[in-house]
Each structure stands twice: as structure tokens, then as C-alpha cells.
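The values are calculated or read from the model by the stated rules, or taken from the named source; none is laboratory data. Treat the numbers as computed from the prediction; the structure is a model and nothing was measured. For neighbour counting, all protein chains shown are included, and Cβ atoms are generated from backbone atoms with ideal geometry for every residue, glycine included. Just the protein is used for accessible areas: all its heavy atoms, side chains included, with ligands, DNA and RNA removed. Shrake-Rupley method; radii C 1.70, N 1.55, O 1.52, S 1.80 Å.
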Amino acid sequence: MAVRVTTIYFFLLVSIVILSNVVECYESGRRSNITIETIHGDFYDCVDIYEQPTLLHPKLSSERIKMIIANDLERQKEEKIGGFKAEEYWLNKKGCPIGTVPIRRMKKKQLQNTRHASLSLFNEYFGYNWIDFAGISITASPPIERFLGVSAFLCLYNPHVNGTGQYSAATIYFSNGAGKNLEQIQVGWIVHPKLNGDTRTHLYTTWTTDHFDYHLVMPVMNEEIGMWPFELFDKLSANGAYTVQYGGKVYTPAGEYISPSMGSGRFRGGQPYLTCYMRKVLYEIEINGKKQQVPPHDSKVQTHESRCFYEGYQHNDNDGYWDYNFLFGGVGGADHGRFCQY
């Protein structure tokens, strides 16, 4: 059952500045003079942007990255805005000061849970069969040589999950390769109790390269957030993505037979106000040597359904609001009186 319905927009390009992170085994309070609290009772330390643990990664210590950060800070100062503008989210009504990034304060047990939970976000590629996906995908084929970016407006819900091991998400994928050679970025919203410590809907992104995962977990906010520098990737940096996907996914741990719900928790064909949707679906490609965002062409779209989770009504309204859109979701658990299982 949904708590609220709104729309958030994601535009995925490897080009913005990381503003918030959760890093394993990092005691952020040692480098912070300011701690702020959210309306949900989570504590964040405001850490100097140049001392954020993200920059400890050997590939992210370059002068180019520091210049990007410096330019972004100048832009913020000139525009008189802070790193976050969600006054309703922070108890101090301001968030962290310009020049700092909010890093969630977590106990050792929470960090261990986060590390374990992160594995479930990618294990569909390593032989497990408990992740269901419902949505659409497009693979590069002539005249499309590669994808340079993806974007969509996502309908926001708070689906029910059973226990701490499950999760339910609405996600955009941007990937190149497969198996252990996969390079992929995911971004969307997720309900993941083990990862976030609650059953609220959170903005999330995760990426993998060379079989190593790097996580950035953030609260739901409607503003520019985060960067995936090209230094982290080989295939995505050199060639862009060969596959893009849009839709919902749910995770049910092995041995459990009652799956979580997806999207709004129901699928009502042709009824976007009752069913989770993505609208204004676009991808960025090169046309005559110029980058352009275009909607999917029906001949390129592959649709995906799984067990109790459905996709449908993909089409282009060409109206400036819905444009290319589709519906996805499902109740999970038991659907139409039967268990949701293979």
C-alpha cells in the first residue's frame, strides 16, 4: 500500500559531484565539527568536502576531481545555495554548510548490515535466482552504437517488504558487459531495511566495476546529487553503455517463498494513478556527431515480467508530460490466490 505518490526525476550521466555517502568502517565524527539530525532521527556529520572518504579511493585523488569540486563550490556560493535544499528534511532547517558533505553516522552493526545487504543488489549476476525484474530494456544495435546517458521520471511509493532481508526498488540501469566483466550504474528508490535500518523509501545508487561494488546511499531529495567519475570505469568510460533498463526489482532471499510487493503493490493496466510508472523515459545517444536525448523506439524495446510482477502499456503520448511511459508492479507474496514462486 502506498504512503504517497509523487514523481522524482533521475538523469544519469557520469558527471556530477558526490554530496553524501555511507562508507564502511569510517568514523566520520573524528573529522567533523558539526552534526545534524533528520526528521527521522538519523544523525549526519558535516565533513569537509575535500576530506570525504570517497576521495580516499586511489582513482579519485586526482587534481581533475578536486577542480570539479572547487568549481561546484564556487557555483554554490554564487547562487547562495547549500549542498541540500530540503528544509523539511533537516531539523536545523539548513542541512550542512557549503563546503561540507553529510555522512551518515552508523554503528558497527549497521555498517556490517550495510556491507552484507549491498551484496544482494548485484547477486543476480552471480548465479542467484531470487531477484525479480519487471520493466523494459533497450540494447544498442544499429543505428544506435552506444548509450551516453539515461533519464526518467519515477513514481514514488513505499512498498511492503517481509523482514529485513528483502528489498523492493524502482531502478534505472546503465551497463556494459556481463557477469564478472560487468560495469553498471543503478539509480532509483528502494525500501531495504537491512541497508537503511528502516522501512522508509530511500534514494539509492550503486555501481560496480571489475567485480568491486561501491555504494552511495542518500535520503530522498529532488536535486542534483552525486558523481560517478570516469576514473572508476573502463568500459563505461571508453564506450558508454550497451544496455539500459528501466523498471522495478524485488529481492527475496533463498529459502523464503513470500516475496515483497513491487511499486504500488498492485498492477492495474491502463491506470497510472493506481500503478507505479515511469514517464518521460529517455536515453542519450549520438546523432550525426551530436549528443541528443530521445525516447525509446518500440522496435528496440524489450519487455520483462517475472512471477507475480508485471509490465505493460508502454507507449509514447508525445504530450510533453507523459511522453514515453510504461507501468510496472505487483502485489508479490501471493498473487490471485497463489504463491508467488517459480
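Just a few scattered comments:
- Selection count where residues are open to solvent by 10 Å² or more (accessible area, probe 1.4 Å) and of a type in the set (Val, Ile, Thr), scope segment 135-157: 2
- Among the residues of segment 24-80, those identified as at pLDDT below 75, small (Gly, Ala, Ser) and either under 22 Å from Asn113 (Cβ atoms) or part of a strand (DSSP E or B) (or both) are Ser28, Gly29, Ser32.
- Any chance Tyr242 is open to solvent by 30 Å² or more (accessible area, probe 1.4 Å), in contact (Cβ under 8 Å) with a residue 40 or more places away in the chain and farther than 21 Å from Ile138 by Cβ: no
- Within segment 163-183, the residues that satisfy the criterion of being among the polar types (S, T, N, Q) and either in a helix (DSSP H, G or I) or over 18 Å from Tyr251 (Cα atoms) (or both) are Ser175, Asn176, Asn181.
- Here segment 184-227 is the region considered, the condition is being at pLDDT 85 or above and aliphatic (A, V, I, L, M), and the residue that is farthest from Gly248 (Cα to Cα) is Ile185.
- Meets criteria (buried (at least 19 other Cβ atoms within 10 Å of the Cβ), out of contact with any Lys or Arg (no Cβ under 6 Å at 6 or more places or on another chain), farther than 18 Å from His40 by Cβ and of a type in the set (Ser, Thr, Tyr)) for Thr201: no
Here's the yes/no breakdown for (1) among the polar types (S, T, N, Q); (2) surrounded by fewer than 21 Cβ atoms within 10 Å (Cβ to Cβ); (3) at negative phi; (4) at pLDDT below 90:
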residue: Lys249; (1), (2), (3), (4): no, no, yes, no
residue: Pro253; (1), (2), (3), (4): no, yes, yes, yes
residue: Ser264; (1), (2), (3), (4): yes, no, yes, no
residue: Pro272; (1), (2), (3), (4): no, yes, yes, yes
residue: His297; (1), (2), (3), (4): no, yes, yes, no
residue: His304; (1), (2), (3), (4): no, yes, yes, no
residue: Phe328; (1), (2), (3), (4): no, no, yes, no
residue: Phe339; (1), (2), (3), (4): no, yes, yes, yes
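- Members of segment 247-300 found to be in contact with a Phe, Trp or Tyr (Cβ under 8 Å, 6 or more places away or on another chain), aromatic (Phe, Trp, Tyr) and more than 21 Å from Gln186 (Cβ to Cβ), listed by number: Tyr257, Phe267
- Residue check for Leu274: aliphatic (A, V, I, L, M) and assigned to a loop (DSSP other than H, G, I, E, B): yes
- Among the residues of segment 230-239, just one is assigned to a loop (DSSP other than H, G, I, E, B) and open to solvent by less than 20 Å² (accessible area, probe 1.4 Å), namely Phe233.
- Residue match in segment 82-102 (condition: open to solvent by 30 Å² or more (accessible area, probe 1.4 Å), modelled with pLDDT under 75, assigned to a helix (DSSP H, G or I) and among the charged types (D, E, K, R)): no
- Selection status of Ala134, touching a His at 6+ places or on another chain (Cβ under 8 Å) and outside any loop (DSSP other than H, G, I, E, B): yes
- Residues in segment 122-145 include none that are charged (D, E, K, R), modelled with pLDDT under 70 and touching a Gly at 6+ places or on another chain (Cβ under 8 Å).
- The sole residue among His160, His116 that is open to solvent by 60 Å² or more (accessible area, probe 1.4 Å), modelled with pLDDT of 85 or more and outside any strand (DSSP E or B) is His160.
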